[in-house]
Amino acid sequence: MFEAVEELIGEHADLEKQLADPAVHTDQANARRLNKRYAELTPIIAAYRSWRQTGEDAETARELAADDPEFAAEVKELEKHREELTDRLRLLLVPRDPSDDKDVILEVKAGEGGEESALFAGDLLRMYLRYAERVGWKTEILDANASDLGGYKDVQVAVKAKASHEPGQGVWARLKYEGGVHRVQRVPATESQGRIHTSAAGVLVTPEAEEVEVEINPNELRIDVYRSSGPGGQSVNTTDSAVRITHLPSGLVVSCQNEKSQLQNKESAMRILRSRLLAAAQEEAEREASDARRSQVRTVDRSERIRTYNFPENRISDHRVGFKAYNLDQVLDGDLDPMIQACVDADSAAKLAAAGDGS
C-alpha cells in the first residue's frame, strides 16, 4: 500500500509548483480544485515522511543499543510510534468519499406520534443548529412547516462549512451518518398520566449539489404556486408566493413557502431538488458497486431506526455501531462529536477491512 505514496509525493510536488504560479489563480475554479487536492495529499505525505524517519531513527537506535543498553528503551518507543504511524497512514490511504467536502441540505420530518413527534423534530433541529454553531458552520433555514405547539412537521436547513477546513472535517463528512429514523422515548408534554411514549422523526441528509453537477431540463419541471399558510391555518401572506416543483422524470416533489418572495422560494426549492437528485444518482451508483466496497455504516437502510433518545435515563444509543452514553441533555445541546466519531471510526474500520481483503 505504501508504494503508492511515492507517486503521491510526485503529484504533491507538482501541485505545489502549480499553486506557486500566479497565473493559475486567474482561474478560480481550477485553483480551488488544485488547492483541494493539495490539502488532501498534505497529511498523507507528512505521515509518510514521519513513518520513514521513525524507521530510520529506530534502526540507528538498534545499532547504538548493541554497544549501549540504555538505547534499548528508545528502540521500543520508536517502534511503538512507527506502528501508530503505520495505522494512521493506512487510514489516510483508504479512498475517501468524494462528497466529504460538500455542504449539505438536512431535512427533519415528523413521523408517527402527532404533536409529540413534531416537538421531537424541533428538538433534533435545535440539536443540529447548536452543533453547527459549535463547529463554526453556517446554517440557513430553507423551508419550515411548523406545528401548532411549536414543533415542526418538516423543516429543511442548508449547512455550510467555513471557507477552508481539514480533510475529513467537511459538513457531509460529519453529518452523513445522521440520515435515518431517530426514535424518542419520553413523557410527552401532552400526556397527563405521566406515561412514557415512543415516537420518531426522520432525518435526511444530502450533499448540496452545484448547478453544474446536476442538469435539470426546465421542460421536465412542473411548477405550481399557491398561497402560504402557517400553523392553525393562518395566512402567512396574501400573495401566491409558495412554490411546489415536481420533477416529472423522477416524480420528486419539493415545496417551499418560507420566504415572502415567490422567486426566493423557487430558488430554495431548486437547491433542495438538485441535492435530492444528486443523492439519488449517488445511491444508484452505490447499488451498482460491489457490496465489499460499500460502507457498512453509510449503507444502512434509511428506513431503519438508527438511534434512540431515552429521556428518563438521559441515555442516547446509536444502534449501528453500539455507541451508548448517558449525556442526552448535552447531546441535544449540540455535543454530537463523540457519537459522530464512533460512526466515522466504524466506517473507516470497514473500509480498511475491505482494502485488506483486496477488494
Q: Within the range 57-109, track down each residue that is basic (Lys, Arg) and out of contact with any Gly (no Cβ under 8 Å at 6 or more places or on another chain).
A: ARG62, LYS76, LYS80, ARG88, ARG90
Q | Residues of the range 335-359 classified as surrounded by fewer than 18 Cβ atoms within 10 Å (Cβ to Cβ), small (Gly, Ala, Ser) and within 15 Å of the chain's Cα centre (by Cα), total | A | 1
Q | Residues located in the range 132-146, provided they are farther than 16 Å from CYS256 by Cα and not basic (Lys, Arg) | A | ALA132, GLU133, VAL135, GLY136, TRP137, THR139
Q. Quick check, is VAL108 of a type outside the set (D, E, K, R), out of contact with any Pro (no Cβ under 6 Å at 6 or more places or on another chain), open to solvent by less than 40 Å² (accessible area, probe 1.4 Å) and farther than 29 Å from ARG52 by Cβ?
A. yes
**Q.** strands (runs of 3 or more DSSP E) fully within the range 188-304 counting 2 or more residues that are at pLDDT below 90 and open to solvent by 40 Å² or more (accessible area, probe 1.4 Å)
**A.** 197-207, 221-226
**Q.** Matching residues, the range 66-78, being among the aliphatic types (A, V, I, L, M), in a helix (DSSP H, G or I) and surrounded by fewer than 16 Cβ atoms within 10 Å (Cβ to Cβ)
**A.** ALA72, ALA73
Q) Which of the residues spanning the range 323-359 are out of contact with any helix residue (DSSP H, G or I) (no Cβ under 8 Å at 6 or more places or on another chain) and part of a loop (DSSP other than H, G, I, E, B)? A) TYR326, ASN327, GLY358
**Q.** Residue, surrounded by the fewest Cβ atoms within 10 Å (Cβ to Cβ), within the range 3-51, restricted to residues that are hydrophobic (A, V, I, L, M, F, W, C) and in contact (Cβ under 8 Å) with a residue 60 or more places away in the chain
**A.** ALA4
**Q.** Unmet requirement for SER147, which otherwise passes all of (1) open to solvent by less than 20 Å² (accessible area, probe 1.4 Å); (2) in contact (Cβ under 8 Å) with a residue 60 or more places away in the chain; (3) under 30 Å from ARG37 (Cβ atoms)
**A.** (3)
Q: Could you tell me which residue of the range 97-128 is farthest from GLU140 (Cα to Cα), considering only residues that are among the small types (Gly, Ala, Ser) and assigned to a helix (DSSP H, G or I)?
A: GLY114
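For every residue, the table says whether it meets (1) in a loop (DSSP other than H, G, I, E, B); (2) under 19 Å from the mean Cα position of the chain (by Cα); (3) among the basic types (Lys, Arg); (4) under 23 Å from LEU15 (Cβ atoms).
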site: ALA47; (1), (2), (3), (4): no, no, no, yes
site: TRP51; (1), (2), (3), (4): no, no, no, yes
site: LYS80; (1), (2), (3), (4): no, no, yes, no
site: GLU84; (1), (2), (3), (4): no, no, no, no
site: LEU89; (1), (2), (3), (4): no, no, no, yes
site: PRO95; (1), (2), (3), (4): yes, yes, no, yes
site: ALA132; (1), (2), (3), (4): no, yes, no, no
site: GLU140; (1), (2), (3), (4): no, yes, no, no
Q. Which of the residues belonging to the range 122-136 are at pLDDT 95 or above and either among the hydrophobic types (A, V, I, L, M, F, W, C) or within 19 Å of ARG274 (Cβ to Cβ) (or both)?
A. LEU124, LEU125, MET127, LEU129, ALA132
Q: Filter the range 64-94 for residues that are over 21 Å from ASP347 (Cβ atoms) and of a type in the set (Asp, Glu) and give the result.
A: ASP67, ASP68, GLU70, GLU74, GLU77, GLU79, GLU83
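The values are calculated or read from the model by the stated rules, or taken from the named source; none is laboratory data. Everything numeric in this text was worked out from a predicted model, so none of it was measured. Positions of Cβ are generated from backbone atoms using ideal geometry, with glycine treated the same way; all protein chains shown enter the neighbour counts. The area values use the complete protein model at the heavy-atom level, side chains included, leaving out ligands, DNA and RNA. Shrake-Rupley method; radii C 1.70, N 1.55, O 1.52, S 1.80 Å.
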